[in-house]
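Comments concern the structure below.
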Amino acid sequence: MQHMIRFLTVPSAGHPRFTPPARYSKLAVQLVCCAILSVTWGCRPPQNHEDRVPGGSERHTSLSTTENERSVNQLPKVSPQVRSKSITNVPQNSAGQADTSPAGTARGSDSNHHLQATNTVVNPQLMSAAGIRKLGGKHITLYTDLPHQPSIDPLPSVFDAAVAEWCRYFQIDIQKTADWHLHGYLIQNKDRFITAGLFSDDLPPFLHGFQRGSEIWFYDQKSDYYRRHLMLHEGTHAFMNHFLGSGGPSWYSEGLAELLGTHHWEEARLALRHFPQHRDEVPYWGRIKIIREDMAHSGLRSLQQVVDTGARDYLKVNPYAWSWAVSAFLDGHPAYCHRFRALQNYVTDPLFSQHFLDSFQTDWNQLEEEWQLFILNLVYGYDIPREAVIFQPGKPLSKQPATVIVKTDRGWQSSGIRLETGVSYHLQATGRYQLANQLQPWWCEPNGVTIRYHQGKPLGILLGSIRPEGERTGLSQLAQSKIIGLQQTLTSQTAGTLYLRINDSAAELADNLGEVKVRIQRLTSSKTPTSGKLN
Ligand SMILES: [Zn+2]
């Protein structure tokens, strides 16, 4: 049975505007203003982690303790506005900032190097009297009041393994890290560290973790995973500040610390930049949950909004989740990862955010659109490469029907066909493909299977969307798909390229096998049914 479907366009009123050129101009003006202010006030280019909260380097607030997996079937609210203020993260270096120089670097070359590399003087007698023990590693000496445990004692090994990973990611010759050594303080009872002189008066209040020079402090956590995560997060800051000279603006610095703090540790092997596959893998991490709750409460944050997040906003935990999401998305996306990784070359540049905008200017619209899809469909195990949209502007269909192939193991794919305004098209889909391979293959046809639903529609069913070319506002049309199934008649209200995919979780594309053939025929006006026409 054929149905007439009208593809609705989203009104732009009240939705964020995605107009990089105009914003870009505004940014340029503001950057000039910032530069002028810098000259006026005699600010120097940053030497270290800029745009921090006054008086401190890294603070982390607590995360929720349990994941509350919720369906995100409903279309989200879109945030009402993009802030007019665009650059809040121009590198700056406030006076009195505790984290302004890589303390102790290259100040020691002998056996005293480790002690000289830190500001805190360790008194073994006081330490022992306070019940604090020392765990030694190549790149970190960890002081803790926690007892011997299988999850605590290997922490220096975890840190040492991370150094090699950081070197690889930031392309630092590992030979240069030979003398790099931190002191870390893993705290269960703060009073013990105060008594032992390992928690100095000038440390600002912090809830979870803090990094300054070649020292990191972090409180014990309720999960082994999140304790390691905090150590690696603060370690990433220390590494970037020391070897790159800065961490860059807050969104980037915290994003990379989150990206490189999110890890997998198993059988003494460490993998950084790990995209969690399941919530049980990362207890108390909670980033995905935070983003879902933020979206339900205040709508989707645009990329620009995340980049605009100022240092003071990082007194809450939510911006850490969004910064992680931006970094994980850009770093994991085949079209964007090289440009994202190149940003590390600009961390000491006051025009860092200008470089960011410059490098993504040509495809900013696509980037924001894919960002929307990523956030709207964010799940544990999200397969960023397979979900990467295959963009291609469509061409009008001649009188002859055309057949296009839809890969079942990919996200949205352009059909290469442009549907014209007010014209009806008949789509007929055929094919038999595999949706899963656990225990036994799940076979499926374009009308999907009804034993399992995804986002309110049968799993595996063929979906379609008409994506207008050119400037775009509001929510992506690809976030508003319609069912095609075995066959469908489409009449578009606006011209655009037909995109197709099957309905499946962004975490479960890899085990799909096969393809769908879709025959697309332009209907003449005499063949166009009139009953059921919605537009
Ligand atoms: Zn941080």
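Listing for the model above:
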{"read-out": "Considering only segment 368-479, percent of DSSP beta bridges that pair antiparallel, nearest 5", "value": "65"}
{"read-out": "Cα gyration tensor of segment 325-468 - equivalent ellipsoid semi-axes, whole Å, descending", "value": "34, 22, 12"}
{"read-out": "Flagged links, alpha-carbon separation over 29 Å, of Lys289/Lys517; Lys289/Lys482; Lys457/Lys517", "value": "Lys289/Lys517"}
{"read-out": "Compactness of segment 324-384, expressed as Rg and Dmax over alpha-carbon positions, Å", "value": "12.2, 35"}
{"read-out": "Burial ranking of peptide ranges 145-157, 458-470 (average Cβ count within 10 Å, highest at the top)", "value": "458-470, 145-157"}
{"read-out": "Calculated FRET value between Ala335 and Glu469, using beta carbons and R₀ = 22 Å, to 0.05", "value": "0.75"}
{"read-out": "Whether segment 198-272 is rounded, prolate or oblate, judged on the alpha carbon gyration tensor where a/c under 1.5 counts as rounded", "value": "oblate"}
{"read-out": "Full-stretch length increase - Thr195, Gln480 - with 0.36 nm per residue and alpha-carbon distance subtracted", "value": "96.7 nm"}
{"read-out": "Computed magnitude of the charge dipole of segment 236-298 (debye, nearest 20; Cβ of K, R +1, Cβ of D, E -1)", "value": "100"}
{"read-out": "Fully extended contour minus Cα-Cα distance, from Asn119 to Gln392, at 0.36 nm per residue", "value": "92.6 nm"}
{"read-out": "Gln400-Leu126 pseudo-label distance in nm [points 7 Å out on the Cα-to-Cβ vector]", "value": "8.6"}
{"read-out": "Length added when fully stretched, Ala342-Ser157, from 0.36 nm per residue minus Cα-Cα", "value": "63.7 nm"}
{"read-out": "Pair His278, Lys222: separation of 7 Å Cα→Cβ label points (nm)", "value": "2.1"}
{"read-out": "Lys517 versus Arg133: modelled label distance in nm, points set 7 Å from Cα along the beta carbon direction", "value": "6.9"}
{"read-out": "Computed magnitude of the charge dipole of segment 356-428 (debye, nearest 20; Cβ of K, R +1, Cβ of D, E -1)", "value": "500"}
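Read-outs throughout are calculated quantities, based only on the coordinates presented, and are distinct from any laboratory measurement. Predicted model, so just to flag it, every value in this text is computed and none were measured. Note that we place each Cβ from the backbone using ideal geometry, even for glycine, and neighbour counts take in every protein chain shown.
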